[in-house]
Every structure is written in structure tokens, then in C-alpha cells.
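Engineer: Pasting a structure below so you can have a look.
The values are calculated or read from the model by the stated rules, or taken from the named source; none is laboratory data. Keep in mind that what you see is a predicted model, and the values were worked out from it rather than measured. For neighbour counting, all protein chains shown are included, and Cβ atoms are generated from backbone atoms with ideal geometry for every residue, glycine included.
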Amino acid sequence: MATSLLAEPAAGSGLLPVPVSDRNGVLEVLAMRRDPFAFTEVRRACYGDVFGINAFGVRMVTACGAEAARQILVNKDKAFANAPAWSHFIGPFFPRGIMLLDFDEHRHHRRIMQQAFTPDVLRSYYAEMQPVILDRVARFPAGRVLLMERFKELTLDIALEIFLGLELSPAEADRLNKAFIETVRAGVALVRAPVPGGRWWKGLRSRKVLEEFFYAHIAAKRATRTPDLFSVLCHAESDDGHRFTDEDVVNHMIFVLMAAHDTSTITLTQMAYRLAEHPKWQARARSQSMDFGPFIEYDELGELTVLDAVMKESLRLCPPVPAQPRVAVKDTRVLGHYIPEGSMVVIPQMSNHRDETYFTDPNHFDPQRFSPERAEDRGHRMAWMPFGGGVHKCIGLYFGQIEIKAVMHNLLRDFEWFVPAGYRLPMDYSALPVPKDRLPVTLVRR
Ligand code: HEM
């Protein structure tokens, strides 16, 4: 492959330059979307752990492996920032979402937002979400079902109930759902300008729909305390007495809904796929769930150890956030390579999760690898990192896990499901990783 250098390190610095493939950027993006694993593997074999490509209109450095992830996310000399990196993809659609803030400002907002994710608040969300889950899962139709569609509706219902605490008509819920989907999809548009009818344009249009919706409800939310995220964010106060402005609440609500909805849907879909592909694991998980009632207590969720291992393994094989971008805000280094100020650097966690250094037979579904005896995820603190790491580590990781486990618990109790022998989930990696066919399964009521 034709190669140039990102930049020459200073003479005597002892640093290595980053090689950059000169291949056409659109071809690179298409190749990456077709098979992100092979894409990274081929370039890693050719260039080493740190290499650049032209993609999405920038020279993008990929830094492979757990140690590179640690150096970037621990961010000891504050060289890597989120805002310029994520803004490149989703900035116009999620302005001032917490993941797009940095350093002191990010810490300040995170302290306030943390109040919406304390153990006590999580318990109250769980109490609200459990009846919704129980009711909706029981009403899943038997027969041939596109399971991802069901999960999408369910996680949206949960989000509306737990995050918004509002009664919406089906038409209004549908309008919000569409707006979210368009807003998220816009971030990875190949045409990065508001051409009417294009992804970017639709994303901007949908952002407006979301803003109008949240501003319309904020006064009522400020007026009374209710057990939903919207209300909690309106009333949350940091230890030093700071609160969010209306604009902050709207920006954070839109971002958090986006962050929570697709990630949970993707994880549920992957778990259901793996359990259909491996009926023995489905039976093992079900047998544990049958030891508890349909209303499983918050504290009992930890006892669903089989489901826990299946969830971890599904998140390893297909992390819903497949890569984490950062921009160097000063000259720095990663694995001894010179990274000049302004460089976009990406952690490819989806490929990292299949690193043979830490995971035996990494392409194989094997929940047992998370058993205390093997603990393959502990080989390096960033070997398994579906929730990211460092100061931006997912704030909803416990929320997401209780929601996912409660849904799967009820699905296992109420149904068995199957895919035809030899079926492989056809993945679309053009935005977040989703199956092109929405996971068709045969759902049989028990
Ligand atoms: C399986 C489910 C989930 C996965 C795999 C996931 C993954 C991630 C990852 C990888 C990041 C870090 C991105 C980066 O550093 O660049 C992140 C951040 C974040 N996630 Fe999640 N997430 C999940 C569920 C949720 C849920 C349910 C919520 C909210 C209830 C949520 C809210 C957030 C927020 C607010 C951030 C930004 C945190 C910050 O910048 O300080 N996530 N998530």
C-alpha cells in the first residue's frame, strides 16, 4: 500500500512516525464498513499497531491494542480531547452532550449528572421499568418475529417511561423514535453537508424536533419531582450546589436518550442471536431465570450469572460503540509514536476485543471465558471495554445492564427462540453495528 507519514517526529526525540495509507478515503470507509475486523487486521499486519488512513475527510490514526487504549483514555498529560473528535461525527446533532465536553467543564457537568445515576436512583428507575418490561415482553407475538424490532420498541417504551415520565400517544412516540434514528444516523453520513433529503439534512431537521419536544415539557418538569431522568436532571445539584440550565437539561436529555437507546437494543439483539445460535446456553440461562419469579428483585439480578457471562461475551464480540475517537490538543505520543497536535486518534475497541493476546479463540462465542477461573477480560484493564474507560466511561453502564438483564430474564421465562441451522447474522457496520435483517427468529411461547 502506498504510504506517507502523518508527521516527522523531532530529530532525537526517539519517537516513531505514524505511517498513513494513501488509499482513497471513500474506498477506505467502504472497506471498513464491509468488514471492520479484516480492515484493521490487514493494516495492523502491514503497518504495526499505530497507523493512519484517510477517512471522513480527515487523516485518522488508529491505535490498536489494550495498551494504546489505556494510554489514550487515562490521558495523563490531558493531550486527548473528546469534543473536537466526537463533534466531527455528531457535533451538529448532539451539541454540548456530556460526551462532547472536556476537562473542567466535563467534570462539572458529570458531577451533576452523576446524581441521576446513584444506586438509590437506579433502584427507583428499576422499580418503574420492571412492570413495563414484564408487560411488554409477555405481549411479544409468537411465530416468526424480527426480534430487533421488538427490542427497539421495548427500549424506546422504557426510555419514554423512565427517562421522560410522560404519557405519549403512539403517533408522538413514533415521531420521537424517528427523530432519534435520523439524528444518530446523520453522524456517519458520507456526504457531510445539509443536502436536502440526505442523512445530514435529516439529522439537523430531527434535532429540531427533539429540542422543541423537550423545551415544551421543561417547565412542568421543574415544577414537580417525579421518578424519571428528565425530572432528576432538572433538580440534580452537585455537592457545591450547581444545577443544570434549561439548555443543559435539553442537551443532556437528547444525548442520554441517544446513548441509552441504541446501545441497549444492540446488546439485546446480540444476546438473543447468540442464545439462538447456542441453544445449550439458552437452556442454561433459562434454568437460572426459572429459579426466580417474573418480578426479579434488583438485588437478585447479580445472581443471574449465566446471563451476565452471555451479556459480557456479546458485548465483547459486538460492542455497540465500536470505536472511540479523540483529538490530540497538543503534541503527544502513543506506543512511542509521534502524534502531532490536531490529529484524530481512534481506539478500535471492536477489533481490540478480538485480540489473541487476551482472548483464546477470540472469534468464538465462549461466555465461560469470563468465569473467575479464566477471567480473560482481566488480562489488561482495557482488554474488555465495551463501556469505554477514563473520565468519559459510560455513566449509564449499570442502568444499561439492569435493563438488559431484566428484559432477557423475562424473555427466557416466557419464550424459547430459534434460528435456522447455519444462520449467520448479516451485520451493517455503517453506523452503530446492527443486523441488516433485524434478526428474524421463531419465537415459541412456553
Ligand atoms: C450496553 C449498553 C451501553 C454501552 C455498550 C455503552 C457504551 C458507552 C461508551 C463506550 C461510552 C464512552 C464513549 C467515549 O468515551 O468516547 C459511553 C458513554 C456514555 N454513555 Fe453509554 N453505553 C451503554 C448504555 C448507556 C445507557 C443506558 C446510558 C444512559 C442511561 C448511557 C449514557 C452514556 C453517557 C451519558 C455517556 C457519556 C459519558 C461522559 O462523557 O462522561 N449509556 N457509553
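Engineer: Scan region 393-414 residue by residue and report those that are surrounded by 21 or more Cβ atoms within 10 Å (Cβ to Cβ) and either touching a strand residue (DSSP E or B) at 6+ places or on another chain (Cβ under 9 Å) or modelled with pLDDT under 95 (or both).
Structural biologist: The answer is LEU411, and nothing else.
Quick grid of which residues meet (1) hydrophobic (A, V, I, L, M, F, W, C); (2) crowded, with 19+ Cβ neighbours inside 10 Å; (3) part of a helix (DSSP H, G or I); (4) more than 16 Å from the ligand (Cβ to nearest atom):
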position	(1), (2), (3), (4)
SER124	no, no, yes, no
PRO131	no, no, yes, yes
ALA171	yes, no, yes, yes
VAL195	yes, no, no, yes
ARG205	no, no, yes, yes
ALA220	yes, no, yes, yes
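Engineer: Would you mind stating whether MET32 is in a helix (DSSP H, G or I), away from the ligand (no atom under 16 Å from the Cβ) and either farther than 23 Å from ILE254 by Cα or out of contact with any strand residue (DSSP E or B) (no Cβ under 6 Å at 6 or more places or on another chain) (or both)?
Structural biologist: Numbers: in a helix (DSSP H, G or I): yes; away from the ligand (no atom under 16 Å from the Cβ): yes; either farther than 23 Å from ILE254 by Cα or out of contact with any strand residue (DSSP E or B) (no Cβ under 6 Å at 6 or more places or on another chain) (or both): yes.
Here the answer is yes, as MET32 does meet what is asked.
Engineer: Scan LEU304, LEU317 and give me the residue that is in contact (Cβ under 8 Å) with a residue 12 or more places away in the chain, surrounded by 18 or more Cβ atoms within 10 Å (Cβ to Cβ), closer than 21 Å to ARG274 by Cα and touching a Ser or Thr at 6+ places or on another chain (Cβ under 7 Å).
Structural biologist: Among LEU304, LEU317, only LEU304 is in contact (Cβ under 8 Å) with a residue 12 or more places away in the chain, surrounded by 18 or more Cβ atoms within 10 Å (Cβ to Cβ), closer than 21 Å to ARG274 by Cα and touching a Ser or Thr at 6+ places or on another chain (Cβ under 7 Å).
Engineer: A follow-up question, please. Just for region 222-253: of the residues that are among the aliphatic types (A, V, I, L, M) and either in a helix (DSSP H, G or I) or at pLDDT 95 or above (or both), which one is farthest from the chain's Cα centre (by Cα)?
Structural biologist: Here the answer is ALA223.
Engineer: Now for a separate question. Filter region 256-295 for residues that are aromatic (Phe, Trp, Tyr) and buried (at least 22 other Cβ atoms within 10 Å of the Cβ); which is farthest from TYR215 (Cα to Cα)?
Structural biologist: In this case the residue turns out to be TRP281.
Engineer: Something else: Can you pull out every residue in region 173-201 that is among the β-branched types (Val, Ile, Thr) and in contact with a helix residue (DSSP H, G or I) (Cβ under 7 Å, 6 or more places away or on another chain)?
Structural biologist: Applying the first criterion (among the β-branched types (Val, Ile, Thr)) to region 173-201 yields 181, 183-184, 188, 191, 195.
Matches in region 173-201: THR183, VAL184, VAL188, VAL191, VAL195.
Engineer: Something else: Out of all the residues in region 89-104, which are modelled with pLDDT under 95, over 21 Å from PHE163 (Cβ atoms) and within 11 Å of the ligand (Cβ to nearest atom)?
Structural biologist: PHE89
Engineer: Here's another thing I want to ask about it. Do we find a residue being under 27 Å from the mean Cα position of the chain (by Cα), touching a residue at least 24 places away in the same chain (Cβ under 8 Å) and over 20 Å from ILE404 (Cα atoms) anywhere in region 254-263?
Structural biologist: Taking every residue of region 254-263 in turn, at least one turns out to be under 27 Å from the mean Cα position of the chain (by Cα), touching a residue at least 24 places away in the same chain (Cβ under 8 Å) and over 20 Å from ILE404 (Cα atoms).
Engineer: Let me ask another. If I filter region 372-404 down to residues being among the basic types (Lys, Arg) and more than 20 Å from LEU233 (Cα to Cα), which single residue comes out as farthest from the ligand (Cβ to nearest atom)? Working first, answer last.
Structural biologist: First, the residues of region 372-404 that are among the basic types (Lys, Arg): 374, 378, 381, 393.
Narrowing the set further to residues that are more than 20 Å from LEU233 (Cα to Cα) leaves 374, 378, 381.
Details: ARG374: 22, ARG378: 19, ARG381: 15 Å.
Looking at the filtered set, the residue picked out is ARG374.
Engineer: Right, LYS405: in contact (Cβ under 8 Å) with a residue 60 or more places away in the chain, of a type in the set (D, E, K, R) and within 20 Å of MET271 (Cβ to Cβ) or not? Show your work before the answer.
Structural biologist: Details: in contact (Cβ under 8 Å) with a residue 60 or more places away in the chain: yes; of a type in the set (D, E, K, R): yes; within 20 Å of MET271 (Cβ to Cβ): yes.
Considered against the rule, which asks whether it is in contact (Cβ under 8 Å) with a residue 60 or more places away in the chain, of a type in the set (D, E, K, R) and within 20 Å of MET271 (Cβ to Cβ), LYS405 comes out as yes.
Engineer: Considering each residue of region 239-263, count those that are at negative phi and more than 10 Å from the ligand (Cβ to nearest atom), and give that number.
Structural biologist: Taking region 239-263 as the starting set, the residues that turn out to be at negative phi are 239-240, 242-263.
Okay, now just the ones that are also more than 10 Å from the ligand (Cβ to nearest atom), so 239-240, 242-251, 253-254.
Matching residues across region 239-263 total 14.
Engineer: Right, next: Tell me whether region 359-366 contains one or more residues that are more than 15 Å from the ligand (Cβ to nearest atom), within 21 Å of the chain's Cα centre (by Cα), over 18 Å from TRP86 (Cα atoms) and loosely packed, with under 14 Cβ neighbours inside 10 Å.
Structural biologist: Yes, there is a match, as at least one residue in region 359-366 is more than 15 Å from the ligand (Cβ to nearest atom), within 21 Å of the chain's Cα centre (by Cα), over 18 Å from TRP86 (Cα atoms) and loosely packed, with under 14 Cβ neighbours inside 10 Å.
Engineer: Hey, among VAL74, VAL137, VAL121, which residue is touching a Leu at 6+ places or on another chain (Cβ under 9 Å) and more than 30 Å from THR442 (Cα to Cα)?
Structural biologist: On the way: VAL74 fails: touching a Leu at 6+ places or on another chain (Cβ under 9 Å); VAL137 fails: more than 30 Å from THR442 (Cα to Cα).
That would be VAL121, the only listed residue that is touching a Leu at 6+ places or on another chain (Cβ under 9 Å) and more than 30 Å from THR442 (Cα to Cα).
Engineer: Of the conditions (1) surrounded by 14 or more Cβ atoms within 10 Å (Cβ to Cβ); (2) over 21 Å from ASP228 (Cα atoms); (3) out of contact with any Ser or Thr (no Cβ under 8 Å at 6 or more places or on another chain), LEU100 fails just one. Which one is it?
Structural biologist: Unmet condition: (3).
Engineer: To continue, here is another question. Considering only residues that are in contact (Cβ under 8 Å) with a residue 40 or more places away in the chain and closer than 19 Å to VAL444 by Cβ, which ones fall in region 140-170?
Structural biologist: Once the filter is applied, which keeps residues that are in contact (Cβ under 8 Å) with a residue 40 or more places away in the chain and closer than 19 Å to VAL444 by Cβ, region 140-170 yields PHE140, PRO141, ALA142, GLY143, ARG144, VAL145, LEU146, LEU147, MET148, GLU149, PHE151, LEU154.
Engineer: Quick check: anything in region 14-26 within 16 Å of the ligand (Cβ to nearest atom) and either of a type in the set (D, E, K, R) or in a strand (DSSP E or B) (or both)?
Structural biologist: The answer is no, given that none of the residues of region 14-26 is within 16 Å of the ligand (Cβ to nearest atom) and either of a type in the set (D, E, K, R) or in a strand (DSSP E or B) (or both).
Engineer: Filter region 286-301 down to residues that are of a type in the set (Gly, Ala, Ser) and either in contact (Cβ under 8 Å) with a residue 24 or more places away in the chain or closer than 28 Å to HIS380 by Cβ (or both), then give me how many there are.
Structural biologist: Residues that pass the stated criteria total 1.
Engineer: Condition first: in contact (Cβ under 8 Å) with a residue 60 or more places away in the chain, within 27 Å of the chain's Cα centre (by Cα) and not in a strand (DSSP E or B). Now tell me which residues in region 333-348 satisfy that. Quick ask: steps written out before the conclusion?
Structural biologist: Keep residues of region 333-348 that are in contact (Cβ under 8 Å) with a residue 60 or more places away in the chain, which gives 333-340, 343-348.
Among the residues that remain, those that are also within 27 Å of the chain's Cα centre (by Cα) are: 333-335, 339, 343-348.
Selection gives LEU335, SER343, PRO348.
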